[in-house]
Amino acid sequence: MKTAISEASIKAMLTREKALFIQRNPKSKGHSENAARNWLRGVPMHWMVDWGTPFPLFIERAQGVDLVDADGNSYIDFCLGDTGAMFGHSPKPVVDTLLREGAHGFTTIRPSASAVKVGQLLEDRFKLPAWQITATASDANRAVLRWCRAITGRKKILVFNHCYHGAVDETYVNLDHGKPEADRALIGEPNDLTQFTKVIEFNDIPALEAALAPGDVACVLAEPIMTNVGMVRGTLWQTPLVNLPQCAILALGRARDCPVVRGGQLAVGKCMGASLSFDHRIVNGFPASRFMEFLAESFNNPAF
Ligand SMILES: Cc1ncc(COP(=O)(O)O)c(C=O)c1O
């Protein structure tokens, strides 16, 4: 691959960074070696060693956006616990509720009276009447795929090349020189996953039209790409630049208290900067402005 930075500089930087990582993390290194006795590759979940570091960091605590590792190094968690900590690590109301409810029994395989209240709160907030809970996003995706098939009577699904939708085997189909094939890491899979999964490149509109034309796709799975910088570090405004082949980018700032006029009176409200850049060859000003109006209205009234 041709890059502007020479391979030799990249290698030298990696060697330097790896040495620094080892030097800064003796306790994590020790934990990783000791854990290898009982855990496959030294970690409770095998993908925890998928990062490029010589061994994983062992985390001592996480609060808000901050992580502190076993050696006392602190980090800002731009990954937000891989979305599980979207609203920060260990928010106090959640910690208090877990402590309170944990004392009432961990699992009873039956609902509690709180389910009635929680269902009502979910409807009030999202204006959707019917709810189900799954334990993980992978479970939710598996359930949705089955429901889509049941509702449409269609068997196939469509994913984008190198997508990630959790531990949902049938989404692990990639394009190899344009040919769909099951991910080679998916060992032990007895089914031909390409039979019911179509895969195309992201942003390839003709390929999408061709894949949907036979009318046999029950569900299209896509990951909207969100970055966390506004949530994590409190920037108020940003000027996003479109990075081709993307066609638009929205940057959100931190929500903060600000003066607002309500019913002719000044009040303290919440303000949040939002800037949209778009490629005028693809999107005209009118729909882009409509999108911003819709966004503002949705934030002002979450049930909109
Ligand atoms: C887009 C997407 N879908 C699904 C998942 C799977 O989530 P879970 O580990 O809760 O099954 C993830 C987790 O990273 C994800 O990023």
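The values are calculated or read from the model by the stated rules, or taken from the named source; none is laboratory data. Keep in mind the model is a prediction, meaning the values are calculated, not measured. Note that we place each Cβ from the backbone using ideal geometry, even for glycine, and neighbour counts take in every protein chain shown.
Take the residues in segment 267-283 that are farther than 20 Å from Asn243 by Cβ and over 26 Å from the mean Cα position of the chain (by Cα); name whichever of them is surrounded by the most Cβ atoms within 10 Å (Cβ to Cβ). That would be Gly269.
Annotation note: Cβ proximity below 8 Å between a residue of segment 192-215 that is in contact (Cβ under 8 Å) with a residue 24 or more places away in the chain and among the β-branched types (Val, Ile, Thr) and a residue that is assigned to a loop (DSSP other than H, G, I, E, B) and surrounded by 11 or more Cβ atoms within 10 Å (Cβ to Cβ) (sequence gap 6+ or interchain) occurs for Val199/Asn161; Ile200/Asn161.
Filtered by the rule that a residue be surrounded by 11 or more Cβ atoms within 10 Å (Cβ to Cβ) and either among the aliphatic types (A, V, I, L, M) or at pLDDT below 95 (or both), segment 202-217 gives Phe202, Asn203, Asp204, Ala207, Leu208, Ala210, Ala211, Leu212, Val217.
Of all residues in segment 123-166, those satisfying the criterion of being in the same structural domain as Phe196 (by TED's automatic domain parsing), hydrophobic (A, V, I, L, M, F, W, C) and in contact with an Asp or Glu (Cβ under 9 Å, 6 or more places away or on another chain) are Leu145, Ile157, Val159, Phe160, Cys163.
Right, Phe58: aromatic (Phe, Trp, Tyr), surrounded by fewer than 14 Cβ atoms within 10 Å (Cβ to Cβ) and touching a residue at least 12 places away in the same chain (Cβ under 8 Å) or not? No. If only residues of segment 84-94 that are surrounded by fewer than 12 Cβ atoms within 10 Å (Cβ to Cβ) and modelled with pLDDT of 85 or more are counted, the one that is farthest from the ligand (Cβ to nearest atom) is Lys92.
Counted as qualifying within segment 107-222 are the helices (runs of 4 or more DSSP H) with 1 or more residues that are within 15 Å of the ligand (Cβ to nearest atom), namely 137-152. For Gly81, the criteria (1) away from the ligand (no atom under 16 Å from the Cβ); (2) closer than 17 Å to Ala135 by Cα hold in every case but one, which is (1).
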